[in-house]
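Below is one structure; the comments refer to it alone.
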Amino acid sequence: MSHILHPTRIAVAAAALAFGALPAFAAAPDWGKVPAAKITVFYPGVSPIEWITKGSEHGGARALRKGETCASCHHDETADMGKKMATGQKLEPSPIKGKAGSIPVQVQAAHDGANLYVRFSWKQPAGGADKMDKDNAVKLAFMLEDNKIPGANLSGCWETCHSDARTMPEGKDDKKTKYVKDGSVAGGKYYDIVQWTSKGAKHDGYIADKRVMDGGKALVDAKGEKKGDEWSVVFTRKLAGGEGDVALASGKTYNFGFAIHDDHSAGRYHHVSLGYQLGIDTKGDVTANKQ
Amino acid sequence: MNNKTEAPGWFARLRRPSSHWSVLTLLLVGVVAGVVLWGGFNTVVEATNKESFCIGCHEMRDNVYKEYSENTIHYTNRTGVRAVCADCHVPKEWGPKMLRKIQASRELWGKMVGTIDTREKFEAKRLTLAEREWARMKANDSLECRNCHTLASMDTEKQKPRARKSHELAVKNNETCIDCHKGIAHHKPKGMKEDDE
């Protein structure tokens, strides 16, 4: 199947290169052949970047200042961390009964020279909490950053997570969402964000001085389905993009993180990944090789 | 003439050679007396190192001891090894121990004037007290910690990744235990400097 489509992809890629942002033809790879990275997303409680970087609260702030990534210390223990926070043992003033502490997710990525394909699959954990988002049982978003924001290569999405954001205990402004300190699209200091929702919506935006969920030009498609208790969500995204989109180039790595709003949750009550690297034709924590 | 019949002073008596006791007797008495005096002195010092002595003051018992005995690793753990107050706060070697005891005598003054005789007063002074102790431990390269723990004897392969990473960084940056391990036996004070961990 793939070898039949291959010439088409080359043609589309060539056309895209020649004429700029043409709509790219989406042809997902054979996921059975794409290796999966196992990344466990966990419930982060109230642990904004202000907490992460405060040495008297978080011992790892010292290692972070020395240039260590969050994942270098915590990658193997995210399930334990999530359990502590979901149960209210740590950093969660209002625990949700039955909230899953963590969700192991298989992450696969590939590209065809024109599009990046990213697939997330996971088993639906138990839930049953009050519905914060009545429309969506599940939402999944991932973010990319092009090594411009200080610390983004260490702490991933945490650079956008602040104590004064909505739904945070200290958040006073219901409209205040994620933002990057000194963020600006023009200055390249932004995270590119795409989101899929189980109701069927897809968003392509960015997070700079504020969060903008739509208007991006890179996202081609985002589809998810649930078979039994297994979710799978596939994003198709152009390697190139417009304003607020990170343009992806072969041989480079990008800061990458993702989050799942499980069990009709909203705001900060999500499960998040630590910061990882997405490599395009080069080794990353998640690697997208050309198919 | 009169001067010759006057009884000698106590110091002169001490200086005068004995005409009654043999050298061996004097030596034995001296050794026994020395052992008794030295042993007694050290017994008293050891007594002041006991947990029961430390928490004889309600200031210690109701504040720092209560926190330590809630659920800290040095109070209760899998192997049942307990570190009591002096294990962490008094050096084991004689010289440093004596110095620490002399320094600690100022605490008697604090006790008399009631510097921290209520919870409120203790909380108000907690940061100062903690910073003083952290500085002491920093200055002696966490001597009391190192009575039991050393970076060299750690098997970091058996540690969790975050502990392994932190200890590797500590070796690399020549850091000492207290640089990171503050507030492991007592609550952290409010108003800690952000660089303190």
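Checking Cβ-Cβ separations below 4.7 Å across chain B identifies B:CYS57, B:CYS88, B:CYS148, B:CYS180 as cysteines lacking any candidate disulfide partner.
Would you mind checking A:LYS172/A:LYS199; A:LYS84/B:LYS160; B:LYS125/B:LYS190 for any pair whose Cα atoms are more than 20 angstrom apart?
A:LYS172/A:LYS199
By the gyration tensor of its Cα atoms, with a ≥ b ≥ c the square roots of the eigenvalues, what is the shape of segment B:1-62: rounded for a/c under 1.5, prolate for a/b over b/c, or oblate?
oblate
If Lys and Arg each add +1 and Asp and Glu each add -1, what is the summed charge of the other residues whose beta carbon sits under 15 Å from the beta carbon of A:GLU230? Mind dumping the intermediate values first?
On the way: positive: A:LYS38, A:ARG119, A:LYS123, A:LYS223, A:LYS226, A:LYS227; negative: A:GLU225, A:ASP229, A:ASP262.
Here the count lands on +3.
Stokes-Einstein D for chain A at 25 °C, 0.890 mPa s, Kirkwood Rh over Cα pairs, in µm²/s? Answer from the Stokes-Einstein relation: 127 µm²/s. Within the same chain, lysines fewer than 8 places from B:LYS101 are excluded, and of the rest, those with a Cα less than 20 Å from its Cα are B:LYS50, B:LYS92, B:LYS111, B:LYS138. Ranking B:TRP109, B:TRP10, A:TRP158 from most to least accessible surface, computed with a 1.4 Å probe over the protein chains only, gives B:TRP10, B:TRP109, A:TRP158.
Projecting the alpha carbon convex hull of the protein assembly as shown along each direction and taking the average yields 35.4 nm². Start at zero, step by 10 Å, and the Cα-Cα distances of segment B:37-169 spread as 10, 34, 36, 16, 4, 0 percent across the bins.
Measuring r between the beta carbons of A:LYS66 and B:VAL44 and using R0 = 45 Å, the FRET efficiency lands at 0.45.
Zone of B:ASP117 (label point 7 Å along Cα→Cβ, backbone N under 20 Å): which residues in segment B:55-69? What the label zone holds, given the 20 Å backbone N cut-off, is B:55-65.
In whole angstrom, note down how far apart the Cα centers of segment A:57-123 and segment A:239-291 are. Rounded to whole Å, the Cα centres lie 14 Å apart. What angle do you read, to the nearest 10 degrees and between 0 and 90, between the alpha-carbon axis of helix A:2-19 and the longest principal axis of chain A? Orientation of helix A:2-19: about 90 degrees from the principal axis. Seen from A:GLY275, the other residues with C-beta closer than 11 Å to its C-beta sum to a net charge of -3, counting Lys and Arg as +1 and Asp and Glu as -1. Overall shape: oblate for segment A:43-136, with the ratio a/c of the largest to smallest alpha carbon gyration tensor axis at 1.5 or above and b/c at least equal to a/b. Sorted largest first by accessible area at a 1.4 angstrom probe radius, with every protein chain in place, the residues B:MET154, B:MET192 fall in the order B:MET154, B:MET192. Under the criterion of Cα pairs below 8 Å and six or more residues apart, the relative contact order for segment A:153-271 equals 19 percent.
Over all other residues within a Cβ to Cβ distance under 13 Å of A:LYS176, the charged ones net out to +2, with Lys and Arg as +1 and Asp and Glu as -1. Note on A:ASP245: accessible area approximately 10 square angstrom, rounded to 10, probe 1.4 Å, nucleic acids and ligands left out. For segment A:162-263, the normalised intensity computed at q = 0.16, 0.19, 0.21 Å⁻¹ comes to -0.81, -1.06, -1.19 (log10 of I(q)/I(0), Debye sum over alpha carbons, equal scatterers, no solvent).
The values are calculated or read from the model by the stated rules, or taken from the named source; none is laboratory data. All of these numbers come straight from a predicted model, not from anything done at the bench. Counting neighbours? That spans all protein chains shown, and the Cβs are built from the backbone with ideal geometry, glycine included. To get the accessible areas, we keep the full protein, side chains included, count just its heavy atoms, and leave off ligands, DNA and RNA. Shrake-Rupley method; radii C 1.70, N 1.55, O 1.52, S 1.80 Å.
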